[in-house]
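Derivation of every value follows stated rules applied to the coordinates shown; laboratory data play no part. Just so it is clear, the model here is predicted, and its values are computed rather than measured. As a convention, Cβ positions derive from the backbone with ideal geometry for all residues, glycine included, and neighbour counts pool all protein chains shown.
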Protein chains: 4
Amino acid sequence: MSAIEVVRLDPTPDQLVYTFGGHQPLLRVRPGTVIELTTEDCFGGRVRGVDDLPSQVCEFPRLNPVTGPIHVEGARPGDLLAVHFVDIRPRRDWAVSSTFPHFGALTTTHSTAMLHAPLEELVWRYDVDVERGIVRYRARRSELEVELPLDPMHGTVGVAPAGGEVVMSITPSAHGGNMDTPELRAGTTVYLPVNVDGAMLAIGDGHCRQGEGEVCGTAVEAAMETVIVVDVVRGALRAWPRLENDEFIMSTGSVRPLEDAFRISQHDLVGWTADLLDLDPLDALQLVSQAGLAPVGNVVDTNYTMVAKLPTSVLGGARPYDGLHQRLRDVGRSYLAERGSVAS
Amino acid sequence: MSAIEVVRLDPTPDQLVYTFGGHQPLLRVRPGTVIELTTEDCFGGRVRGVDDLPSQVCEFPRLNPVTGPIHVEGARPGDLLAVHFVDIRPRRDWAVSSTFPHFGALTTTHSTAMLHAPLEELVWRYDVDVERGIVRYRARRSELEVELPLDPMHGTVGVAPAGGEVVMSITPSAHGGNMDTPELRAGTTVYLPVNVDGAMLAIGDGHCRQGEGEVCGTAVEAAMETVIVVDVVRGALRAWPRLENDEFIMSTGSVRPLEDAFRISQHDLVGWTADLLDLDPLDALQLVSQAGLAPVGNVVDTNYTMVAKLPTSVLGGARPYDGLHQRLRDVGRSYLAERGSVAS
Amino acid sequence: MSAIEVVRLDPTPDQLVYTFGGHQPLLRVRPGTVIELTTEDCFGGRVRGVDDLPSQVCEFPRLNPVTGPIHVEGARPGDLLAVHFVDIRPRRDWAVSSTFPHFGALTTTHSTAMLHAPLEELVWRYDVDVERGIVRYRARRSELEVELPLDPMHGTVGVAPAGGEVVMSITPSAHGGNMDTPELRAGTTVYLPVNVDGAMLAIGDGHCRQGEGEVCGTAVEAAMETVIVVDVVRGALRAWPRLENDEFIMSTGSVRPLEDAFRISQHDLVGWTADLLDLDPLDALQLVSQAGLAPVGNVVDTNYTMVAKLPTSVLGGARPYDGLHQRLRDVGRSYLAERGSVAS
Amino acid sequence: MSAIEVVRLDPTPDQLVYTFGGHQPLLRVRPGTVIELTTEDCFGGRVRGVDDLPSQVCEFPRLNPVTGPIHVEGARPGDLLAVHFVDIRPRRDWAVSSTFPHFGALTTTHSTAMLHAPLEELVWRYDVDVERGIVRYRARRSELEVELPLDPMHGTVGVAPAGGEVVMSITPSAHGGNMDTPELRAGTTVYLPVNVDGAMLAIGDGHCRQGEGEVCGTAVEAAMETVIVVDVVRGALRAWPRLENDEFIMSTGSVRPLEDAFRISQHDLVGWTADLLDLDPLDALQLVSQAGLAPVGNVVDTNYTMVAKLPTSVLGGARPYDGLHQRLRDVGRSYLAERGSVAS
């Protein structure tokens, strides 16, 4: 553990940013560094109870703040940035969710434009009990309460986009961003394509848990205390973010329509599988077709996100990027052991 | 077990049908009957090895044969037909999969029409080992072999459509049909809307296993020996098929585009949850948004299928249709106990 | 004119049908026959004023009645049926349009399922003045009246589907059906793929006029007195309906999503252009890309319809099917000259 | 004419930009100013003949250069920028079009990801004859030549996006951008939402003509000499670009999928019509449904563009923005009369 460099990033509210791209680095680190960072929730912490309507207390475009950007030294266009999530834990004993006018999968939106008035804007406040590992849902219009497992994750993680673009943090795309998949939990490594020197990583939008699809438009939104370790894979040019945990390799696609997000994620997973197992593309297609999973990420953001998963059990001994995920996992475990924490 | 009526349906090749609707019943049963039936694979059993190209040995529209229709006495328009899958087991020690010209999620099709030549048509033959509970994948263009878990299911189950329509068995829609979701395994109850007297149930397209999305267009296709038990729920008018197993209630949607299939499945699950928990629709939306899962069924058939799942743990003691699934599950277990079989 | 065989088809209400496929022929004709036929409006004539709400006076699935089927002798699978529209004229001095719950492009529907209540159901009654060539729009909630040009067309024309399917008349697909494109006016020839002996043509859903997209879900709906002439093109196997008038050749695609309907229509037009001008497919793609038009048909029916148009001026002297459209046009003109009518 | 201020903007190649947003103004003008400007073609002028393959001679992301940004004094967020196109004429006697790997409506792309190899990359060079008003298509693989009408337009016109975003010029969205609709010809006024002080207008991507849909991915691409006049409408906050010429008002939508682009454009046109004619929204929906046109813009760019058109004849005397289009049209005519030119 003496070899692990640990730095801390706890931005003030003024330091939070709302785009990928367009900002000077808030922190510079070397590959291999463990970063302890804090994130604010997607509402900037302004929705604290059922009477704080997001459309009233939040101000466009200051939504979905992210912590960063973090410049990773030596990361260059054409590399992959590996971000391993060591720990994600809620900073408060409450969290919130809401409907939001013109946002969500089952309502008229600015894109799926209809002549209906928006659905009613409602806020739900959850109790968060880290010790018991639960969040408590409370119905607004009845007495029902339900305990759901705490399953912390980040909706938003990404780097500066290609082509000099500056993209709002609510958008998921090839640079990562607001993918809103529950797969982005502790124990997972994310691989992001590097488009600019230093990659310019930023992270936000913590969720105590999220259903697949994020149907109403928001998850159980929470400020987080998060630990990551970053590294760089040289010359591993990729178009779309990939994920890996101990049980699955995962490709993502974030576009509209949803079938194209599905196609991107499956196409990438087929190519990845062909690379790892030295397979003909059609042989890889066949294997993925029978062994793969395809959960929805989100169907509410400016792009929709699909995830394509293949069990690592199918891979025999093959592992991506020379086993980088396992090495970062080990770094994370060492860090946690030293700190006396327990990884989720 | 003495109270359980068991009938057998083992159609000759000439008795297989290729549409939902348009046929006289092959069998008439009372609600509560256990039916042992056999199904042929989606290729009509004509693809037996890697040299049997489907486009050459199969003849449109004689694809995807189904066993039935079964007239369930007393089922009337406005009722739900409950079909509980007691057992599904492969009838042969091999199964096949293939690409197929103009079919699949990552290729030009008749709908997603492009100027490319079709992908190459290839067949994969799998070994099926029921005892060991595995199927064996063999790459066509390398030596790789991979064992995958046997996980038998039916791609196609449905009833006669509404409006006097006759629909090819390859199409999933509100009447069920070719939904191609791996959730349709033994231990699951399917609820189908009844459109005509007797419902006219038919089943086919067994898969030894299937990845979510069925990306290449086909699963590990196999003839099956299947046991079901059927029942009728009076006046439970529903638009779309629902599923239930011991752990989840599930809604489905089968249309294009994929986001509308998602919307249908989520919309139905929100309504179902509101009914079961006596919740306001927005409260149900919130609960489903945080607790639900959303796996893809297929993105290759004439309609795409999405599944929306909610854990029964969220429901407290509430169960759909007065616990019908559990009662049918018990019937199935009694049947299996008597037969000396073991449910999957 | 003595050479032209003219027959009349004026079905009683009981003779109207609601599906393509599944019916015995109401009429048998030889190729080259002129058919004078009547059609009822999409509401079966039951919506006569603003107080006749379609959801109350119409009964599912008895919507969108069609006149037919007409058996055309000698038409066999693999042929094309050519249907030239000689004349289309409203039978009444009024017509109606409406919103309809869960139907339309800017509202929650059964497919684009949302949590909104349906838009209000409203009926608009139009005056129809054939002499002046106008219909009169009257706002329901203000005094505004607007005269719009009368431009009669049929929303629905098709043949029996392939594969033994029976399809509700409201669905457009490869067999034609409810394409709802304003291009289907007098002076136009429609080419439909023949799937069964006799083709089994049926026609309905007259519109006094229709905007592109049919956004609210219905056009200016009217019963029609229509004259067609039919013919058969041998061995001209085609997947999708094509249209031709004196100025354009047109391909159609009717599926969801809308981009796939666009792809189908453009793909067919590129192939058609390549055939007519003996061009390489990429050369045809280039020509269509610069010279083509792409109006929407409908974005409301169970499938969406796109039209791809190429000016005949681009074709030099080349004309499809050996100039069949022009020959049918001449037959129609002769008929009209004899009857003292004037084609639209 | 003495009252008309005329300025000229003829950027050097180094001054061309490739994004909306992220640049200092190249020019500052007052509302009412006539601007004579030049634009380079989408390939930066590097594709000059059939042997200049775009993927070889062009360098991502330096594609689709635009001229600007132009700061219009007094334009503030919440205003509309009106840009009237007075004249658009090709600067060379040739133009080019091409296929491009992974781009186009009938090919695998980075979004509609498939396992096919890309279509062949081919370039077509057109002769441009301004005097005769034609461009000449020449097939690459046969002797066919076709004259098509010259119909100059700009594919790309837009302003700085909202939210601090910087967007590549190839993307159409709410800020305008690469809408690629042939409606953007001389005689047309475009209304763009102002998101930043000065609006920051930029224009590029001239086309000698373009089919609807831009199916192959490119139009007849040309450097242009273009004259515009700009003005500002105070407090006319709008979400999406609108167009107006003497015959039509037009709304646009640029998103994916294509049905959402359709919905946006129709939703906006319904609202616009309701405003202009003081109609209830459902009355406006009905009128647009029967009188509107819906041509495709493009189905190839990062967002797809639909146009919704309503004839001004339907509007009685009502005209948007107090007749601004007509006033700008008059300014343009005065300018052209003085210069001895003839507007298209």
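Restricting the range C:228-302 to trypsin sites (Lys or Arg not before Pro) that sit in a DSSP loop and have at most 15 other Cβ atoms within 10 Å of their own Cβ leaves C:Arg234. Mean per-residue shielding of peptide D:276-284 is 5, counting Cβ atoms of other chains within 10 Å of each Cβ. Going from the fewest other Cβ atoms within 10 Å to the most, the residues B:Val130, D:Val29 appear in the order B:Val130, D:Val29. Footprinting exposure proxy ranking of B:Ile203, C:Ile134, C:Ile70, fewest other C-beta atoms within 10 angstrom first, gives C:Ile134, C:Ile70, B:Ile203. With the label put 7 angstrom out from Cα along the Cα-to-Cβ vector, C:Asp278 ends up 5.2, 6.5, 8.0 nm from the copy partners, going from closest to farthest. Straight-line reach from D:Lys309: taking Cα to Cα under 23 Å and skipping same-chain neighbours fewer than 8 places apart, the lysines in range are C:Lys309.
Each Lys or Arg adds one and each Asp or Glu subtracts one; over the other residues with Cβ under 13 Å from the Cβ of C:Thr181, this totals -3. Dimensions of the range C:48-186 based on its C-alpha atoms, expressed as ranges along the principal axes with the largest first, amount to 55, 45, 23 Å.
Compactness ratio for the range D:206-344: Cα radius of gyration over 2.2 N^0.38 Å (N = residue count) comes to 1.15.
Shape analysis of the range C:228-274 yields a ratio of the Cα radius of gyration to the Kirkwood radius, Rg/Rh, of 1.01.
The mean number of partner chain beta-carbon atoms within 10 angstrom of a residue's beta-carbon across peptide C:268-275 is 1. Note on the protein assembly as shown: Cα-only Rg and Dmax are 31.1, 104 Å. Among the GluC sites (Glu not before Pro) within the range A:231-310, those in coil by DSSP and having at most 16 neighbouring Cβ atoms inside 10 Å are A:Glu247. Where only DSSP H runs of four or more residues are counted, chain A gives -4500 deg cm²/dmol as its mean residue ellipticity at 222 nm, each run worth -39500 (n - 2.57). The residues packed around C:Leu192, meaning those with a beta-carbon under 9 Å from its beta-carbon, carry a net charge of +2 if Lys and Arg are +1 and Asp and Glu are -1.
How many Cβ atoms of partner chains, on average, are near each residue of D:168-181 if near means within 10 Å of its Cβ?
If you average over the peptide's residues, the count of other-chain Cβ atoms is 1.
Each other copy holds its own label point for B:Glu121; taking that point as 7 Å from Cα along Cα to Cβ, the gaps run 3.4, 4.9, 5.8 nm, nearest first. Dipole magnitude for the range A:6-338: about 280 debye, using +1 per Lys or Arg Cβ and -1 per Asp or Glu Cβ, origin at the Cα centre.
Here C:Glu73 yields copy-to-copy label distances, from shortest upward, of 5.1, 8.3, 9.2 nm, the label point defined as 7 Å from Cα along Cα to C-beta.
For chain C, the longest principal axis of the alpha carbon atoms and the long axis of helix C:324-339 meet at an angle near 60°.
Is the shape of the range D:257-307 rounded, prolate or oblate, going by the alpha carbon gyration tensor and its root eigenvalues a ≥ b ≥ c, with a/c under 1.5 for rounded and a/b larger than b/c for prolate?
Note, shape of the range D:257-307 comes out prolate.
Counting Lys and Arg as +1 and Asp and Glu as -1 over every other residue whose Cβ lies under 13 Å from the Cβ of A:Ala3, the net charge comes to -1.
Sorted from fewest to most neighbouring beta carbons within 10 Å, what does the list D:Leu201, D:Leu310 look like?
Values: D:Leu201 30, D:Leu310 23.
Listed from fewest to most nearby Cβ atoms, that is D:Leu310, D:Leu201.
For the range A:137-236, GluC sites (Glu not before Pro) are listed when DSSP marks them as loop and at most 10 other Cβ atoms sit within 10 Å of their Cβ; the list is A:Glu143. Taking Cα atoms only, the orientation of helix D:258-277 departs from the longest principal axis of chain D by about 30 degrees.
Using only Cα atoms and rounding to the nearest 10 degrees, what angle (0 to 90) does helix C:281-291 make with the longest principal axis of chain C? Rounded to the nearest ten degrees, it is 50. Treating each Cα of chain A as one equal point scatterer and applying the Debye formula with no solvent, the log10 of I(q)/I(0) at q = 0.07, 0.12, 0.13 Å⁻¹ comes out as -0.27, -0.82, -0.97.
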